[in-house]
Amino acid sequence: MSQPYTNPSLSIAERVENLMSLMTLEEKVGQMLQLPANMSDNVDKLEQWNVGSYLHCTGDMVEELQQRAAKTRLGIPLIFGIDAIHGHCFENDSTVFPTQLALSCAWSKQLSQSMAHVTAVETRACGLHWTFSPVLCVGRDSRWGRINETFGEDPWLIGELAAAAIHGYQGENLAANDTILACAKHYVAYGETTGGRDAYEAEVSPRKLLSVFLPPFEKAVKQAKVATLMAGYQAIDGLPCSASSWILRDIPKTQWGMDGFIVTDWDNVGSLHDKQRVAEDLRHAAKLGLEAGNDMIMTTPSFYQHTIDLVNQGEVDVALVDDAVARILSYKFKLGLFDDFRYTDLSKKPQILGNPVHWHASLEASRQSLTLLKNKQVLPLDEANKPKILLCGANADDVVAQLGDWSFGSMQAGASDDSFHRRDCVTLRQGLQAAADAGRCELSYVRGAAPAEADFEEILAAVDAAANSDVIVACVGDILSQHGEFHDRANLDLSGHQQAMLEALKATGKPLVVVFMASKPLTIPWVKQHADAIVCAFNPGAKGGIALTELLLGDLNPSGKLTISFPVHVGQLPVYYNKYQGWHALISGRTNHQERYIDMPEQPLFSFGEGQSYSEFEYSDLQVANPTLSASQDLAAGEALKVSVQIKNTSQRAGIEIAQLYIRDCVASVTIPVMQLRGFERVELAAGESRRVDFSVPYEDLALINAQLEKVVEPGAFKVLVGASSKAEDLLSADFKVA
Ligand code: BGC
């Protein structure tokens, strides 16, 4: 007779309770294991250990393993996790999007959601149920190899874009064929490790955690209902995240009410002993990991037997195992895996992966994320005169540089046959060549310098070719071997002979357009000073070459704005807009000197929120409808601040302006950032059009964390700043108060 847990008409809680009442301790601990499917002896453990989850499982193995799980004593389905980070890039033919950092420059929740939705559809079509995305790390130090995976430096914006991505992945109904579980990672402050050193120590106080690093995750859990969190590799003030019950249990589960589960990062539990040395052996590590609140243990096989022994010998309470397993099982039920969705019809993959609608969404993401940082009236190129373009730089024709990290294994980047992996990708060279073939321009390409090569000959050839051109487009940046996990940098200058190439090209006297295709902000002060135009693409995705061509030739009016500051020099790091006051400065008369370093500017090279358009926008008449807000103890019930501003497109061309709203709390009981982003609007304006744009800032968004670690709005004077970027000269300001 079938057991109640197989009955879909019962509630999930009833089904979980019934199933758990039938499970042995061994079966329960097995559910907590996640092993890599691409390492074969792990797959052999499926029946022996009742493994609950595999990661990095692709192709037909998905179905094979699921069939084997169905034949185990209780037939508990597997849940498969995968790094579908900017597209389901572990599977050939999938749709690849710009990296998270590139995408964030569009400041578009809708794009973030559509990227995630397409990824969910493609991932589920492969029989997988869970992506380890989005990344909510605050990206403030571009020496860190993984900064490309972030949504940039602002915690509030990260929360907004991440919540949208989570909605895109998880949809309304997890038991549908177009949804998967999301995973907000790396929880928490993983991007803040000292010196940009990956997985090292984060020197972050509890107050800074609560003020800066936890809020995006809180939004992900409370507002977007993310199903899972992934614990970071690093330690905070000496305690590895994976050993902190305050971080893993108290905050998300008790305070935020998270009903989902927490997965470790790769072998975090083993690292408690092997690397971080807070556990004397792997048994001790298993105990610390379980007690702290890790529910699923990624790739630490020793956890299995040690945990069974620890429970049997009375050293840990089985209730901890039960809590973790109930969380995991309830999501297996929610995904419909016990009912109709254990198997996916894999024969539909060819129609779903990389279909034209999905590729269109990817192209749109590439278009909206491009950011114009400088334009001395060179762009758009003058098509009427059929410009002769000299294109230089290896990244102009490098598929992998264009796709960025976490696209390895995808058809686009992983295959050895160049013609194959180029199939769906259009590089900048190919994009411009298509325009040349259509008679819109003339193109010659000289590869010139590459990020990781030391060849001068090509630079000389590029200089020669410049003589016959009207304009030079030089594409510079970095390549995959210079970023990602295990690839932090100490030097952020342009590598190889890219700088020499730019200087030689500039010396020809021809207008120089620099396309910046890199995983991160590099130190490019020379470029800012000498290039005639700069387009920041970061890793713009498979269709980035089309979008860039459209921008250069004027079909596309750029609208992206930076979500991360560029340092002038590596010694300036970290350099972010929401900085603190108090840095000593010499006083001359009553005016502070602007420069605090004696040998370089205090301000970044390019600032958060910065980005130009072919249109021009003018801000005026900033108004606060309710300049006195009544103080409210109940933050959620407080009155929202109502602000509006007039924005006019003063140019002859329709365009999109991303208007930003920042709040400054003038005096507080603790030191707080000079201002913090609390709103933005993407405003589309026809040529000459003027419109009033409204913002509503929830009362709670005026709060700070005080010295007692309480979240409060302190009565007093505030300013609201609205404008085109975080730079002082771009902002209008108005006063309001909380009384
Ligand atoms: C990374 C995670 C990733 C995991 C699984 C780790 O090394 O830090 O971001 O999700 O591997 O591939």
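The values are calculated or read from the model by the stated rules, or taken from the named source; none is laboratory data. Keep in mind that what you see is a predicted model, and the values were worked out from it rather than measured. Cβ coordinates were reconstructed from backbone atoms using ideal geometry, including for glycine residues, and neighbour counts include every protein chain displayed. Please note that ligands, DNA and RNA were not included when accessible areas were found on the heavy atoms of the full protein model with its side chains. Shrake-Rupley method; radii C 1.70, N 1.55, O 1.52, S 1.80 Å.
Residue ranges 43-53, 534-544 sort as 534-544, 43-53 when ordered by packing (mean number of other C-beta atoms within 10 Å per residue, highest first). How much net charge surrounds Pro574 when only other residues with a Cβ under 10 Å from its Cβ are counted (Lys, Arg +1; Asp, Glu -1)? With Lys, Arg at +1 and Asp, Glu at -1, the neighbours total 0.
Checked against a 29 Å cut-off, the cross-linked pairs Lys510/Lys579; Lys71/Lys222; Lys208/Lys520 give Cα-Cα distances beyond that limit for Lys510/Lys579; Lys71/Lys222.
Of the listed peptides 474-480, 234-240, 462-468, what is their order by residue-averaged count of other C-beta atoms within 10 Å, with the highest listed first? List each step's numbers first, then the result.
Values: 474-480: 25.9, 234-240: 20.0, 462-468: 17.4.
Listed from highest to lowest mean packing, they are 474-480, 234-240, 462-468.
Each Lys and Arg contributes +1 and each Asp and Glu -1, all at the Cβ; summed about the Cα centre of the stretch 95-200, the dipole is approximately 160 debye. Think of each Lys and Arg Cβ as +1 and each Asp and Glu Cβ as -1; about the Cα centre, that makes the dipole of the stretch 274-338 roughly 340 debye.
Within the chain, antiparallel bridges make up roughly 55 percent of the DSSP beta bridges whose residues both belong there.
In whole angstrom, the stretch 592-739 maps to an equivalent ellipsoid with semi-axes of 29, 22, 11, each derived as √(5λ) from the alpha carbon gyration tensor and ordered largest first.
Here the dipole of the chain is about 1160 debye; that uses its Cα centre as origin and unit charges on the Cβ of Lys and Arg (positive) and Asp and Glu (negative).
Near Asp323, once Lys and Arg are set to +1 and Asp and Glu to -1 for all other residues with Cβ below 15 Å from its Cβ, the sum equals -3. Comparing Cα centroids, the stretch 523-565 and the stretch 456-500 end up 15 angstrom apart. With the largest listed first and rounded to whole Å, the semi-axes of the equivalent ellipsoid of the chain from the Cα gyration tensor are 43, 32, 24. The P(r) of the stretch 135-209 has a tail past 13 Å containing 67 percent of all C-alpha pairs. Here the chain exposes an accessible surface that is 50 percent carbon and sulfur, computed with a 1.4 Å probe and the other protein chains kept in place.
Based on the alpha-carbon set only, what is the convex hull volume of the stretch 1-127 divided per residue, in Å³? Working shown, then result.
Working: hull volume 17.9 nm³, N = 127.
In the stretch 1-127, the Cα hull volume divided by residue count equals 141 Å³.
Below 8 Å, C-alpha to C-alpha, sequence gap of six or more: please give me the relative contact order for the stretch 58-208 in percent.
On the way: 281 pairs, mean separation 36.0, N = 151.
Computed value for the stretch 58-208: 24 percent relative contact order.
Legend: residue pairs Lys561/Lys727; Lys109/Lys561; Lys349/Lys561, Cα-Cα distance threshold 24 Å; pairs beyond threshold, Lys349/Lys561.
Centre-to-centre separation between the Cα atoms of the stretch 78-126 and those of the stretch 600-637: 30 Å. Using just its DSSP H runs of length 4 or more, each adding -39500 (n - 2.57), the chain gives a mean residue ellipticity at 222 nm of -8000 deg cm²/dmol after division by all residues. Put simply, the Cα atoms of the stretch 168-235 extend 43, 22, 14 Å along their principal axes, the longest span coming first.
For the set Glu657, Glu172, Glu280, Glu689, solvent exposure ranked by accessible area (probe 1.4 Å, protein chains only) runs largest to smallest as Glu172, Glu280, Glu689, Glu657. Across the options Ala703, His487, Ala116, the greatest Cα extent toward the positive end of the charge dipole of the chain (unit charges at beta carbon of Lys, Arg, Asp, Glu) belongs to Ala703. The residue among Leu512, Ala452, Ala462 whose Cα reaches farthest toward the positive pole of the charge dipole of the stretch 438-572, with charges on the beta-carbon of Lys, Arg, Asp and Glu, is Leu512. What is the sum of charges, Lys and Arg at +1 and Asp and Glu at -1, for the other residues whose Cβ falls under 15 Å from the Cβ of Asn706? Spelling it out: positives minus negatives among the neighbours equals -1. Farthest toward the positive end of the dipole of the chain, out of Gln499, Thr628, Ala176, is the Cα of Thr628, where the dipole comes from beta carbon charges about the Cα centre.
Using a probe radius of 1.4 Å on heavy atoms only, what accessible surface per residue do you get for the chain? Whole Å² is fine.
The answer is 36 Å² per residue.
Highest average first, the peptides 36-42, 300-306 ordered by how many other beta carbon atoms sit within 10 Å of their residues are 300-306, 36-42.
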